[in-house]
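> This structure is in structure tokens; I'll ask about it shortly.
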Amino acid sequence: MQVHNPMRGHIVISNVIEEEIERLVNQLASFRVVVFFEENFKIEHAKLVAQEAYISESATKYIIIAAVELTSVAQNSLLKLLEEPPKNIEFIIISPTKSNLLPTVRSRLPIYKQKHSHIVEDLNINLSRLDYKEVFDFLKKHSRVSKNEAKLYVEALFFRATVIDKLILSQRQLDNFDLAYRLLDLNARVQSVFAMLLMSFAGERS
């Protein structure tokens with residue numbers, strides 16, 4: 001049974017905001033991307049974001065909200081939009097620190113730190129077309145990563161699957177991502193954890 005992943009967007013923590021915007025715009029070149037970049041994101045900027053979000057789209061449109069600081073009033077005004085975005089709208093929030101964001105905002109979107117994005121680029125695999133040879137190549141290449149690095153790769157694989165490859169994950173695949181973190185905390189073999197995750201994608205093609 002296939003289920004929709006409820007996460008429609010994500011938060012990026014980066015202290016080089018302009019570089020991160022450029023990276024995302026290039027990465028999402030095949031989609032429409034609208035950027036709102038402010039030193040201090042206020043209620044008037046939030047209203048412009050909402051207006052843009054409610055412009056109907058036939059394909060996915062990414063709205064990037066990037067700011068050094070974000071007022072609480074502006075963030076609160078966007079909560080409903082972040083929780084239930086209009087059809088084909090995905091939000092990406094870029095902030096230099098997590099503390100800039102209200103807990104209610106952080107709870108609605110997964111958070112990725114800048115170093116995760118470099119890992120995503122290093123993955124260089126398309127999970128929608130993954131075959132067994134690519135799985136084994138990945139396991140061989142990343143056999144010696146530490147537990148903490150492995151956790152970053154798990155997050156990056158989830159990002160790759162849901163944001164870049166835009167897959168609708170099965171319940172089994174979603175459960176495997178949750179299980180992967182628990183197994184790594186229990187010091188399971190990194191290769192075994194990666195194999196569990198990747199084989200669920202390769203197996204979907206059989």
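> Using a 10 Å cut-off around each Cβ, can you sort E44, E149, E134 from fewest to most neighbouring Cβ atoms?
Ranked by crowding around the Cβ, least crowded first: E44, E149, E134.
> Hey, another quick one. Report the one residue of S128, S200, L186 whose Cα lies farthest in the direction of the positive end of the charge dipole of the range 116-204 (charges on C-beta: Lys and Arg +1, Asp and Glu -1; origin at the Cα centre).
With unit charges placed on the Cβ atoms, the residue in question is L186.
> So what is the calculated 222 nm ellipticity per residue for the chain, using -39500 (n - 2.57) for each DSSP H run with n of 4 or more, over all residues, to the nearest 500 deg cm²/dmol?
-15000 deg cm²/dmol
> Indicate, rounded to the nearest 5 percent, the antiparallel portion of the DSSP beta bridges found entirely in the chain.
Given both bridge residues lie in the chain, the antiparallel proportion sits at roughly 5 percent.
> Going by amide H atoms built from the backbone, whose H comes under 5 Å of the H on A66, apart from near neighbours?
Excluding prolines and chain starts, which carry no amide H, the hits are F36, F37, E38, I94.
> Using only Cα atoms, tell me the angle between helix 171-185 and the longest principal axis of the chain; keep it within 0 to 90° and round to the nearest 10.
With rounding to tens, the tilt is 80 degrees.
> Viscosity 1.002 mPa s, temperature 20 °C: Stokes-Einstein D of the range 126-199 from its Kirkwood Cα radius, in µm² per second?
Approximately 173 µm²/s, per Stokes-Einstein.
> Translational diffusion coefficient of the chain at 20 °C, 1.002 mPa s, Stokes-Einstein with Kirkwood Rh over Cα pairs, in µm²/s as a whole number.
It comes out at roughly 119 µm²/s.
> List the lysines whose alpha-carbon lies under 18 Å from that of K113, not counting same-chain residues fewer than 8 positions away?
K98, K147, K151
> Work out the FRET efficiency for L48 and D178 from their Cβ-Cβ distance, taking R0 = 45 Å, and round it to the nearest 0.05.
Given R0 = 45 Å and the Cβ-Cβ separation, E is 0.80.
> Which one, S56, N76, A46, is farthest towards the positive end of the dipole of the range 38-87 when Lys and Arg carry +1 and Asp and Glu -1 on their Cβ?
The Cα lying farthest towards the positive end belongs to S56.
> Suppose every K and R has +1 on its Cβ and every D and E has -1 on its Cβ; what is the size of the dipole of the range 116-204 about the Cα centre, in Debye to the nearest 20?
220
> Rounding to the nearest 10 and keeping the result within 0 to 90°, find how far the Cα-based axis of helix 43-53 lies from the longest principal axis of the chain.
Rounded to the nearest ten degrees, it is 60.
> Same structure again: Where does helix 147-159 land angle-wise versus the long Cα axis of the chain, in degrees 0 to 90, nearest 10?
With rounding to tens, the tilt is 60 degrees.
> Okay, next question. Charges only on Cβ, +1 for Lys and Arg, -1 for Asp and Glu: so what's the dipole of the range 9-109 about the Cα centre, in debye to the nearest 20?
Charge dipole, the range 9-109, about its Cα centre: 340 debye, nearest 20.
> A follow-up question, please. What lysines sit close enough to K61 to cross-link, taking a C-alpha to C-alpha distance under 19 Å and skipping anything fewer than 8 places away on the same chain?
K47, K80, K87, K166
> Could you size up the charge dipole of the chain around its Cα centre, putting +1 on the beta carbon of Lys and Arg and -1 on that of Asp and Glu, and report it in debye to the nearest 20?
In total the dipole reaches around 600 debye.
> Considering only the other residues whose Cβ falls under 11 Å of the Cβ of L101, what net charge follows from Lys and Arg at +1 and Asp and Glu at -1?
The answer is +2.
> Per residue, how much space in cubic angstrom lies within the convex hull of the C-alpha atoms of the range 9-109?
77
Where a number appears in this text, it was derived from the coordinates with a stated rule and is not lab data. Keep in mind that this is a model prediction, so the values were computed, not measured. Backbone-built Cβ (ideal geometry, glycine too); neighbour counts: all protein chains shown.
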